[in-house]
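Trainee: I'd like to ask some things about the structure below.
The values are calculated or read from the model by the stated rules, or taken from the named source; none is laboratory data. Everything quoted here is computed from the prediction, not taken from an experiment. As a convention, Cβ positions derive from the backbone with ideal geometry for all residues, glycine included, and neighbour counts pool all protein chains shown.
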Amino acid sequence: MKILCLIVLVSWAVSTAAASSKQVTLFIDAYNQHDIEKMLEKTSEQVKWLYNIDDQILIETDGKDALRTAMIAHFKQRSQARSQIKKSMTLGDTVAVIEEAFSNDGEHSQCALSIYQLKQNLINSITYYSATACE
């Protein structure tokens, strides 16, 4: 009986991690298409977009409407913006990603660690850390 419970628990954890990772991938795919509504489909109503810079957490947006407004301005400024996942690690509802973000000219890039936290299979917060040159 203990073995059966362990198998069920491990199977549930693996499926939760896979679902979390898939949501982040779909969110970044929508970002690359500049499809804000598709991005928002992957987020909770309370989604927060945060930056961790110099040991301080800065709130960029709080809530789905604020994220929509920020993304409209972001894509207007950065018409060629795109990002790709270089590495990722999933632990339950948390997905840690090293993202490579490309500039408007499409040639220059920078990398940053981002942490996506999900709640009920929707992205509930995204925390970006200071960007650096990609390795």
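Trainee: Under 9 Å between Cβ atoms, at least 6 apart or on separate chains: pull out the pairs that start in segment 38-62 with a residue that is loosely packed, with under 12 Cβ neighbours inside 10 Å and end on any residue that is in a loop (DSSP other than H, G, I, E, B).
Mentor: Close Cβ pairs (under 9 Å, with a partner that is in a loop (DSSP other than H, G, I, E, B)) amount to 45/63; 54/130.
Trainee: Out of the residues in segment 81-135 that are free of Cβ contacts under 8 Å to residues at least 60 places away in the same chain and among the basic types (Lys, Arg), which is surrounded by the fewest Cβ atoms within 10 Å (Cβ to Cβ)?
Mentor: To start, the set of residues in segment 81-135 that are free of Cβ contacts under 8 Å to residues at least 60 places away in the same chain comprises 81-84, 86-87, 89, 96, 98, 100-115, 117, 131-135.
If we keep only those that are among the basic types (Lys, Arg) too, we end up with 82, 86-87.
Working: 82: 17, 86: 13, 87: 11.
Top of the filtered list is 87.
Trainee: Identify, please: which residue in segment 3-18 is closer than 24 Å to residue 127 by Cβ and out of contact with any strand residue (DSSP E or B) (no Cβ under 8 Å at 6 or more places or on another chain) and is, among those, modelled with the lowest pLDDT? Lay out the reasoning, then the answer.
Mentor: To start, the set of residues in segment 3-18 that are closer than 24 Å to residue 127 by Cβ comprises 13, 16-18.
Going one step further and asking which of them are out of contact with any strand residue (DSSP E or B) (no Cβ under 8 Å at 6 or more places or on another chain), we end up with 13, 16.
Working: 13: 44, 16: 51.
Per the stated criteria, the residue is 13.
Residue-wise test of (1) touching a strand residue (DSSP E or B) at 6+ places or on another chain (Cβ under 6 Å); (2) at pLDDT 95 or above.
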residue	(1), (2)
26	no, yes
41	no, yes
46	no, yes
49	yes, yes
56	no, no
66	no, yes
69	no, yes
77	no, no
